[in-house]
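Notes follow the structure.
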Protein chains: 2
Amino acid sequence: MDLHEDCAPLAFLLGTWRGQGEGEYPTIESFTYLEEVTFGHVGKPFLAYSQKTRHAETGQPLHAETGYIRAIGEERIEFVLSQPSGIVELHGGRVAGTRLDLTLHAVHTTPAAKSVTDVVRSIEVTDDALAYTVSMAAVGEPLTHHLRAALHRDAS
Amino acid sequence: MDLHEDCAPLAFLLGTWRGQGEGEYPTIESFTYLEEVTFGHVGKPFLAYSQKTRHAETGQPLHAETGYIRAIGEERIEFVLSQPSGIVELHGGRVAGTRLDLTLHAVHTTPAAKSVTDVVRSIEVTDDALAYTVSMAAVGEPLTHHLRAALHRDAS
């Protein structure tokens, strides 16, 4: 299946990426995790995104999230995703070479979820390594760095 | 991996389901589609949901959506999902036997997405067939029936 032409600027993300990350937040103990991220496509003007992490020592599942990066023309994108913690995010952005410059449109949570009021994400591929960061304003804390990982594309 | 005890009331959904559906809406031509739905788990108090449809004749990919059904206790659930059309949905609900009684908390769309202001979903398993319906208020139309499908659990 050929990549949709509107997704050409996003081709640098395609594939499955694996590696290790570090999490921290004022309200929890810092932790490390193993991660697998996949960006796939079906020939339509979006990429499917899925992410799973597990504990670096026990292998127990930790976090997951899934969503879509929409190519809306002129290297502009929209990124929607949901999390099993009851969070949904809507971002806008622009492709800048092999970096996504993302700006939050909105984050919403279900009634039983923890409060999250801001999410700032960065995603960049450099020398075949995908690095991302996530900062969050959650559970009453101001916008604070939360996650950082460096992943490598699966050769298979 | 054992199913999380909070997910026990949701066990009737687990697996991969395949079948055919019918779509209609006042603003488009009616259509039929082939569908695959998966509800999976990783031992945590949620199910992962993913759905893909393709054209019944050409096999071309049509729709997709992914998200999570959160078990929040006492047979109550929350359902979050996102769609490549730029839509995110947050539902609450209750497990009633092998039916989910869902109530929309909120639907949100990205700036470039078509307007959607209401989504009503039903999901029910009867005699090993999963039937669902989706109604939407979108692009200025009032809440109107949109999708209906009957799927069967993959034996494999």
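Odds and ends about this structure:
- Residue by residue along A:41-47, Cβ atoms of other protein chains within 10 Å of the local Cβ number 3 on average.
- Environment charge of residue B:134, counting only residues whose C-beta is closer than 9 Å and scoring Lys/Arg +1, Asp/Glu -1: +2
- Net charge in the neighbourhood of residue A:107 (other residues with Cβ under 15 Å of its Cβ; Lys, Arg +1, Asp, Glu -1) is -4.
- Label points for residue A:150 are taken 7 Å from Cα along Cα→Cβ. From this copy to the others they lie 5.6 nm apart, shortest first.
- Scattering from region B:5-153 was approximated by placing one identical point on each alpha carbon and applying the Debye formula without solvent; log10 I(q)/I(0) at 0.08 1/Å stands at -0.21.
- Sequentially through region B:3-17, phi angles give Karplus couplings (6.51, -1.76, 1.60; θ = phi - 60°) of 5, 4, 4, 5, 8, 3, x, 9, 4, 5, 8, 4, x, 10, 10 Hz, Gly and Pro residues having no value and appearing as x.
- Distances between copies at residue A:56, taken between label points 7 Å from Cα along the C-beta direction, are 5.3 nm in increasing order.
- Total accessible area lost when A and B pair, probe 1.4 Å, Å² to nearest 100: 2500
- Per residue, the accessible area of chain A comes to 47 Å² when a 1.4 Å probe rolls over the protein heavy atoms.
- Taking only Cα atoms of region B:82-156, radius of gyration then Dmax in Å: 14.0, 43
- Residue-count net charge about residue B:71 - beta-carbon cut-off 15 Å; Lys, Arg +1, Asp, Glu -1: -3
- Put a plus charge on the Cβ of each Lys and Arg, a minus charge on the Cβ of each Asp and Glu, and nothing anywhere else: the dipole of chain A about its Cα centre is then about 260 debye.
- Average Cα contact separation per residue, region B:5-153, under 8 Å, 6 or more apart, as relative contact order %: 19
- Spatial separation of Cα centroids for region B:82-156 and region A:1-49, in angstrom: 26
- Choice from A:118, A:128, A:101 with maximal GNM fluctuation in chain A (Cα, 10 Å cutoff): A:128
- Distances in nm from residue B:106 to the matching label points in the other copies, shortest first (labels 7 Å along Cα to Cβ): 0.6
- Converting phi to 3J(HN,Hα) with the Karplus coefficients 6.51, -1.76 and 1.60 and the offset θ = phi - 60°, region A:112-120 yields 8, 7, 5, 5, 9, 10, 7, 9, 10 Hz in sequence order, with x at every glycine or proline.
- Per-residue average of Cβ from other chains inside 10 Å of A:107-119: 3
- For the listed residue pairs A:52/B:52; A:52/B:114; A:44/B:114; A:114/B:44; A:52/A:114, the alpha carbons are over 25 angstrom apart in A:52/B:114.
- Cleavage-rule hits (chymotrypsin sites (Phe, Trp or Tyr not before Pro)) in region B:1-77: DSSP loop, at most 10 neighbouring Cβ within 10 angstrom: none
- Inter-chain Cβ neighbour average for residues B:85-91, partner chain, 10 Å: 6
- Hydrodynamic analysis of the protein assembly as shown uses the Kirkwood radius over alpha carbon pairs. Inserted into Stokes-Einstein at 4 °C and 1.567 mPa s, it gives a translational diffusion coefficient of 64 µm²/s.
- When GluC sites (Glu not before Pro) are flagged only if DSSP places them in a loop and at most 13 other Cβ atoms lie within 10 Å, the longest unflagged stretch of chain B comes out as B:75-156.
The values are calculated or read from the model by the stated rules, or taken from the named source; none is laboratory data. Being a predicted model, the structure only gives us computed values, none of them experimental. Note that each Cβ is placed from the backbone with ideal geometry, even for glycine, and that neighbours are counted across all protein chains shown. Please note that ligands, DNA and RNA were not included when accessible areas were found on the heavy atoms of the full protein model with its side chains. Shrake-Rupley method; radii C 1.70, N 1.55, O 1.52, S 1.80 Å.
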